[in-house]
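A.B. asks: The following block contains the structure, expressed as structure tokens.
The values are calculated or read from the model by the stated rules, or taken from the named source; none is laboratory data. Bear in mind the structure is a predicted one, so any value in this text is a computation, not a measurement. So basically every Cβ, Gly included, is an ideal-geometry build from the backbone, and we count neighbours across all protein chains shown. Heavy atoms of the whole protein, side chains included, go into the accessibility calculation; ligands, DNA and RNA do not. Shrake-Rupley method; radii C 1.70, N 1.55, O 1.52, S 1.80 Å.
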Amino acid sequence: MAGKIIKAPRGTQDILGTDSYKWQFVERLALENAGLFGFSEMRTPTFEQMDLFKRSVGDTTDVVQKEMYEVRAEKGKDLYGLKPEGTAGAVRSAIENNLLKGALPLKVCYVTPCFRHERPQAGRLREFHQFGVEMFGAQSPSADVEVICVARELFQMIGLKQVMLNINSIGCPTCRAEYHKALTEYFRQYQDKLCTTCLERLDKNPMRILDCKSTVCSEIAKGAPVVLDYLCDDCKEHFEGVKKRLDALGIEYKIDPTIVRGLDYYTKTVFEFISGDLGAQATVCGGGRYDGLVKQMGGDPTPALGFAVGLERLLLIMEAQGIEIPKPETCELFIASMGEAANIKACELTNALRSEGFYAECDLMNRSVKAQMKYANKIGAKYTMVLGESELESGIAKLKEMETGTEREVDFRADLAQALYDITIERATEDLAEEFGGEALASAMGMKR
Ligand code: HAM
């Protein structure tokens, strides 16, 4: 009896060969761009002690209270959580590996899967991927602006249009105390309407009510006092410093006093990049300062900040805006064969071509030559060559260009890779001549006709 097909969990997606090159493209660009700012890649585990997330992301946040995936080994007793974001692991790793005792600022970046048990919809998954950066040790507003620039530069390199930067400051523990008082007073008027989670948050962490996803709570939150009105002098000065630098660099932004971010560790500057091409899930990138987190997690007091870009959302915007990602090269040469001896020769030649850097294939299915050619067509092979008894004897085979059908003879006992190089260069020259005109090309190459 055939087994029942098992489907992927809801809110997850397979990234198939037809799309993986898009991921490789944005991930490479993101890491390379961050490298230009001095960020080096860090890889941390997919699961961590549950307490790490409770103490950093915060145990009154939606992420920890409602969206965590808990993991327990069948035989172990420890409770772990699948990472809902990348910052907590990066902070843990920086402290545990004594990275904060080295040269500061420490700049790390990562690409990581994240897990949140949210209601799936376009741009919102249960397993998604983040590219993020974290900077440790820098207090100055210049650091805030540099981190913002990393994200902005990435979006510009990709060619994204209309991605808006919104910033806010949510203050430090000093100004937060006053603000919490004002928020509690405000929300208490609506305590019979708030959801049960927010009712609990009213005394523990009223700021979390501001990003509750329930429609009633978010409607009430619209009239709540805004944190910008409660900043202490130090936080005000820092925010002014950030704005001044953004202005000086000609970076456009909007101040959005409603940004509070959904994670507990933030202090001072918070920011989001928003796109009109994402529907309801408009935030493609979120970040900010978290000056108290390193100390809270057991390290020496160290200011820090960072951001994360949701890669699924980034790719959705790119698709909506018709941004083309270079497709991977297709097969250069498919070597078809008739009979065992020819098949062995085909394998040998294919391997030799691969070690020269060519994408080459041969028959692995014992198919007829006709079926092999059909396959070569399907995979978009640029050239094909058929080896049979007579070719083995003479060492000469016909190399067929699939697009034009033109054939030329090659001696495959000599250097087949060299022959392919020559043909590739010939083709490229022809293409250039077609694009720019033969005369222009010749003069550009300093040649006389
Ligand atoms: P976050 O705003 O929770 O921040 O997530 C960052 C980005 O991840 C979002 O802007 C969004 O693009 C993407 N994202 C979040 N949840 C989902 C989801 N369910 N499905 C698809 N994409 C999603 C953080 O995670 C912080 N750790 C960022 C940070 C780093 N702050 C400082 N350093």
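A.B. asks: How far apart, in nanometres, would the label points at residue 236 and residue 185 be if each is projected 7 angstrom from Cα along the Cα-to-Cβ direction?
C.D. replies: 1.9
A.B. asks: Please work out how much length the chain gains when fully extended from residue 258 to residue 178, using 0.36 nm per residue of separation minus the C-alpha to C-alpha distance, in nm with one decimal.
C.D. replies: On the way: separation 80, 0.36 × 80 = 28.80 nm, distance 1.71 nm.
Length gained between residue 258 and residue 178: 27.1 nm.
A.B. asks: Given a cut-off of under 8 Å on Cα pairs at least six residues apart, what relative contact order in percent is computed for segment 57-145? Kindly include the intermediate steps, with their values, before the conclusion.
C.D. replies: Details: 112 pairs, mean separation 23.0, N = 89.
So the answer I get is 26 percent.
A.B. asks: Another question about this same structure. Among DSSP beta bridges lying fully in the chain, give the percent that are antiparallel, nearest 5. Display every interim value, and only then the final one.
C.D. replies: Numbers: 49 of 61 bridges.
Of all bridge pairs located within the chain, approximately 80 percent are antiparallel.
A.B. asks: A further question on this structure: Give me the extension gain from residue 408 to residue 248: residue separation times 0.36 nm, minus the current Cα-Cα distance, reported in nm with one decimal. Could you put the intermediate results ahead of the total?
C.D. replies: Details: separation 160, 0.36 × 160 = 57.60 nm, distance 6.15 nm.
Value of the extension gain: 51.5 nm.
A.B. asks: Going down the table (213/254; 66/254; 370/398; 107/236), which pairs top 19 Å between alpha carbons?
C.D. replies: Numbers: 213/254 23 Å; 66/254 31 Å; 370/398 16 Å; 107/236 26 Å.
Beyond 19 Å: 213/254; 66/254; 107/236.
A.B. asks: What FRET efficiency, computed as 1/(1 + (r/R0)^6) with R0 = 35 Å and r the Cβ-Cβ distance, is obtained for residue 41 and residue 340, rounded to the nearest 0.05? Intermediate results must be reported in sequence, preceding the final value.
C.D. replies: Numbers: r = 47 Å, r/R0 = 1.34.
So the FRET efficiency works out to roughly 0.15.
A.B. asks: Where the Cα atoms of segment 333-444 are projected onto their three principal axes, how long is each span, largest first, in whole Å?
C.D. replies: Projected onto the principal axes, the Cα atoms of segment 333-444 cover 51, 28, 24 Å.
A.B. asks: Still on this structure: If DNA, RNA and ligands are ignored and the probe is 1.4 Å, what is the ranking of 413, 28 by accessible area, most exposed first?
C.D. replies: Numbers: 413 145, 28 115 Å².
Reading off the accessible areas and sorting them downward yields 413, 28.
A.B. asks: Additional query: For the full complex of protein chains and a 1.4 angstrom probe, list 202, 160 by accessible area with the highest value first. Walk me through the intermediate numbers first.
C.D. replies: Values: 202 0, 160 25 Å².
Order by accessible area, largest first: 160, 202.
A.B. asks: Taking only C-alpha pairs under 8 Å that are 6+ residues apart, what is the relative contact order of segment 333-444 in percent?
C.D. replies: 24
A.B. asks: Let me check something: with ligands and nucleic acids excluded, how do 117, 238, 180 order by accessible area (1.4 Å probe), largest to smallest?
C.D. replies: Output order, biggest surface exposure first: 117, 180, 238.
A.B. asks: With a 1.4 Å probe and all protein chains left in place, how much accessible area per residue does the chain have, in Å²?
C.D. replies: 53
A.B. asks: Turning to a different aspect of this structure: How would segment 1-117 be classified by its alpha-carbon gyration tensor: rounded, prolate or oblate, with rounded meaning a/c under 1.5 and the a/b versus b/c comparison settling the rest?
C.D. replies: Details: a/c = 2.28, a/b = 1.20, b/c = 1.91.
In terms of gyration-tensor shape, oblate.
A.B. asks: Can you compute the helix-only [θ] at 222 nm over the chain? Use -39500 (n - 2.57) per DSSP H run of at least 4 residues, normalise by all residues, nearest 500 deg cm²/dmol. Spell out each step's value before the answer.
C.D. replies: Numbers: 16 runs with 179 residues, N = 449.
Computed ellipticity for the chain at 222 nm equals -12000 deg cm²/dmol.
A.B. asks: 7 Å from Cα along Cα→Cβ at both residue 324 and residue 13: what's the point-to-point distance in nm?
C.D. replies: 2.2
A.B. asks: Let me ask something additional. What translational diffusion coefficient, in µm²/s and rounded to a whole number, does the Stokes-Einstein relation yield for the chain at 4 °C and a viscosity of 1.567 mPa s, taking the hydrodynamic radius as the Kirkwood radius over Cα pairs?
C.D. replies: Numbers: Rh = 26.1 Å.
Result for D is 50 µm²/s.
A.B. asks: Please report the spacing between the Cα centers of segment 183-253 and segment 359-390 in Å, no decimals.
C.D. replies: 64
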